1. Sort E51, E38 so the one with the fewest other Cβ atoms within 10 Å of its own Cβ comes first.
2. How big is the chain along each principal axis, measuring the range of its Cα positions in Å and listing the largest first?
3. Going by how many other Cβ atoms sit within 10 Å of their own, how do S66, S47 line up, fewest first?
4. Would you mind computing, in nm to one decimal, how far apart the modelled labels at E18 and S66 are, each placed 7 Å from Cα along Cα→Cβ?
5. Could you list W6, W46 so that the one with the fewest beta carbons within 10 Å of its beta carbon is first and the one with the most is last?
Amino acid sequence: MQFLPWILSGLGLALFLEGSPYFLFPGRMRKRLAYMSELPVSTLRWSGIIEALIGVLLVGLAVHFSA
């Protein structure tokens, strides 16, 4: 199984999903970032770990069902 196409596809999708809101809604993103800058570090850390775990789970499911 070749992993390079999976890695590049995943990276491309992540960059697309991360960049689209800044392109489509720059004013809202500025407000959202200002709001997030005032959140406690622990809240940001927990939301980050939860999102990372969901991402790992989705990648695992994709690999499992593609085999």
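1. On the way: E51 10, E38 6.
Listing E51, E38 from fewest to most nearby Cβ atoms yields E38, E51.
2. Its Cα atoms span 44, 28, 16 Å along the three principal axes.
3. Details: S66 8, S47 12.
Ranked by crowding around the Cβ, least crowded first: S66, S47.
4. About 1.9 nm, to one decimal.
5. Details: W6 14, W46 11.
Arranged by neighbour count, lowest to highest, W6, W46 become W46, W6.
All of the numbers you see were taken from the coordinates with simple rules; none came from a lab. Just so you know, these numbers come straight off a predicted model, no measurement behind them. Here the Cβ is made from the backbone with ideal geometry for all residues, glycine too, and neighbour counts use every protein chain on show.
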